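This report refers to the structure that appears directly beneath it.
Please treat every number below as a calculation from the coordinates, not as lab data. Since this is a predicted model, take the numbers as computed values, not measurements. Methodologically, a virtual Cβ is constructed for each residue, glycine included, from the backbone with ideal geometry; neighbour enumeration extends over all protein chains shown.
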């Protein structure tokens, strides 16, 4: 083996928490752990000390694929110019409060 | 049961609660010593969580005992002298290295998961309630300590050596976890306390199974130490108490 | 070729975001100096939380009641957690936890100088919570609006958790001040020792801070050192008066014209001495961190080796 060994770094995990009252998992931060189970345990100790959670997801940071800001023009803008997807685009008679 | 046995039972229950509280307080105190010293930041947080669970448990038990003895939780923690503390000796041993701390934790967690489960069936409602709350915490503790065993046993030659050394040192303190004295015998007969001896075989079987999986040698020595329940402590205990009780002793009667 | 042509546009977009109070996120283009400035500030903030665990940890095994012990442990644990949030946020900028720790150990990265003072009595635990956390909160509330997204979000989280930190410290001081003569003296002496170092936490006067000007321009820093320091003094004077402790400053006086308290001159020689490594506890704080890290190496190595075997 002629390769110089790389310094082994502890994998970085991203943590997502859904609170008891929440509907979605929210990214709350990251931590270092050697396996998913350990990451989950540490996530509970780090991010749920005040009992805020109902569900935790941990994902190794390297497995997250993120969009680039430079993609914005083609990635996001077409989503942004269709106002008819928003409820506020439409007028509704004032006495109707069920729509 | 005639009327004369009733006060004795309440006395016994109070002493029993104190004994369990002592186990938790002293173990919690040793875990506090890891603050800002853990191998990783994440582990510092995890150890602190276990310590907080133990200290919280001690508070519940002392408060309960204090109701009968008409004293506060703090009076029990800070005013008693060494011979009156009834913790098992294993918890008062110095924290040692991480292998020692985690193996001690494993031995105790595997005991407590069985013990507190049984205590939830206590005829004493308050003890049963404390046991139910404790059980949830212990389930988490035992998961953690079970996960650490193979990491240390099968990690590096050094971690294995340290774990083996920890096993050799701790083994002599194990029997005391399962000892039943006259106080507990009386409470067992009234279905207030579980019989510790009932857990030994099952506990040992699990330890042996884990040891085989992890290639850890369980010591063979017959040497066993006990005495904590009777207030006979190791030389470590006096130093622990000095630290724990110093402020209250230096300022008798003060409010904090 | 394409990169150098796009840079002026990137820079414009970056500046526009800053002006518009939009957040800069990890994948966004940013000037190298912005990135470096943030790494410095965030990692030093994280180091401060971790080193700050030590003076409080000094009284954990000796806390005088079970309740105080639990509260103190929860506070110290929060500090570890805050360090962790900040290290995580800093790692989004391309630096690793190991690199940040190495920089701390090598003396290249600093931490808040306030932690170079010893916690010599139980009252110090009260003073630290009341004054040190109090000062940190003033600074942190302002940082919730910092321009870098992960830093701002970490600060929001931290601010939510800080509320009990200052209160528990003040409550300790309140109890001591209302206690025995020895306890009152303990509290007053702690206030005497921690007051000026707490004021120094806000850093040099505005005109004299090397990094401040650029940090303000990039909205990393939102309010100036002197502004924040004044806010802290104004709010703390009434707190001290309420528990009948004397702030150790003969020049402290309400100024009706400005609507603020005038206060005495800070000893910047002491500040510089302590921040450059010659405070009472600098060596001990760093040695403690280095030793703990060193002691833990075999554990981290075991974890790595075991994980590799499993994969």
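Here is how the numbers come out for the structure above:
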{"read-out": "Principal semi-axes in Å for the protein assembly as shown [√(5λ), Cα gyration tensor, largest first]", "value": "46, 33, 26"}
{"read-out": "Ranked list, fewest to most other Cβ atoms within 10 Å of each Cβ, for C:308, B:112", "value": "C:308, B:112"}
{"read-out": "Helix C:297-310 vs. chain C, principal-axis angle (Cα, 0 to 90°, nearest 10)", "value": "40"}
{"read-out": "Calculated FRET value between residue C:284 and residue B:11, using beta carbons and R₀ = 41 Å, to 0.05", "value": "0.25"}
{"read-out": "Between 0 and 90°, nearest 10: helix B:125-153 axis offset from chain B longest Cα axis", "value": "10"}
{"read-out": "Residue B:221-residue A:9 FRET efficiency (beta carbon distance; Förster radius 45 Å; 0.05 resolution)", "value": "0.60"}
{"read-out": "Between 0 and 90°, nearest 10: helix C:282-295 axis offset from chain C longest Cα axis", "value": "60"}
{"read-out": "Residue-span extension gain [residue B:70 to residue B:128] - 0.36 nm each, minus C-alpha spacing", "value": "18.7 nm"}
{"read-out": "Kirkwood-based shape ratio for chain B, expressed as Rg/Rh from alpha carbons", "value": "0.96"}
{"read-out": "Sequence of B:146, B:114 once ranked by neighbouring C-beta atoms within 10 Å, starting from the fewest", "value": "B:146, B:114"}
{"read-out": "Within the stretch B:78-120, backbone nitrogen closer than 17 Å to the virtual label 7 Å beyond the Cα of residue B:198 toward Cβ", "value": "B:111-120"}
{"read-out": "Cα gyration tensor, chain C - rounded (a/c under 1.5), prolate or oblate", "value": "oblate"}
{"read-out": "Cβ-based exposure ranking for C:220, A:26, in which fewest neighbours within 10 Å come first", "value": "A:26, C:220"}
{"read-out": "The stretch C:131-152 and the stretch C:205-220: distance between their alpha carbon centers, rounded to Å", "value": "15"}
{"read-out": "Projected area averaged over orientations for the stretch C:100-204, convex hull of C-alpha atoms, nm²", "value": "7.7"}
{"read-out": "Whole-angstrom Cα spans of the stretch A:9-63 along principal axes, big to small", "value": "36, 20, 15"}
{"read-out": "Distance between modelled label sites at residue C:269 and residue A:21, nm, 7 Å Cα→Cβ extension", "value": "5.6"}
